[in-house]
Structure formats: structure tokens, C-alpha cells
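Take a look at the structure below.
The values are calculated or read from the model by the stated rules, or taken from the named source; none is laboratory data. All figures in this text were calculated on a predicted structure; none of them were measured in a lab. Cβ atoms come from the backbone with ideal geometry, glycine included; neighbour counts cover every protein chain shown. The accessibility values were calculated without ligands, DNA or RNA, using every heavy atom of the protein model including side chains. Shrake-Rupley method; radii C 1.70, N 1.55, O 1.52, S 1.80 Å.
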Amino acid sequence: MNEKKSFTVAGNKFLLSTADVLSRLQDLEPEPVRELFVEVSGTAYPVKQAFAQVTGMQRGQFTSH
């Protein structure tokens, strides 16, 4: 669970673990889901909301398709 994975999105490099993701979403109130979502600890978040919260990227910098 604490193993960090690296990935790159739009030229931005990230190194995150499951624990990092869980802690960054812990107190986030999910927005209404329109189409695409990710379920984390039993809560459905719009993909863009969750990804932006976890990475700090602006929603316009990436697509969710």
C-alpha cells in the first residue's frame, strides 16, 4: 500500500502511493458524477475532481477519456 508508483501526465511527473491518494481524498466532498467516476473507499468521485485533488493539476490540463 505504501509502494509509490511514478507516472507522467502532460509533462508533469508524479510519484504517489495508495496512501497518498487516500489521504488527499479523505476530506473531499464528491461532486455529482456525470459520466466517468472512480470509486475510492466506497465513495464515487468524478475522475477529473479526484485526479486534480490528488495531483494538484488544473482540470483543463488533462482529459479523462
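Put simply, of Glu35, Glu29 the only residue that is out of contact with any strand residue (DSSP E or B) (no Cβ under 9 Å at 6 or more places or on another chain) and either modelled with pLDDT under 95 or surrounded by fewer than 12 Cβ atoms within 10 Å (Cβ to Cβ) (or both) is Glu29. Applying the criterion of being among the hydrophobic types (A, V, I, L, M, F, W, C) and open to solvent by less than 50 Å² (accessible area, probe 1.4 Å) to the residues of the stretch 38-65, the residue that is modelled with the lowest pLDDT is Phe62.
Scanning the stretch 1-26 for residues that are open to solvent by less than 80 Å² (accessible area, probe 1.4 Å) and part of a helix (DSSP H, G or I) yields Thr18, Ala19, Asp20, Val21, Leu22, Ser23, Leu25. Filtered by the rule that a residue be closer than 22 Å to Lys4 by Cβ, touching a Leu at 6+ places or on another chain (Cβ under 9 Å) and either touching a residue at least 60 places away in the same chain (Cβ under 8 Å) or assigned to a strand (DSSP E or B) (or both), the stretch 27-65 gives Val40, Tyr45.
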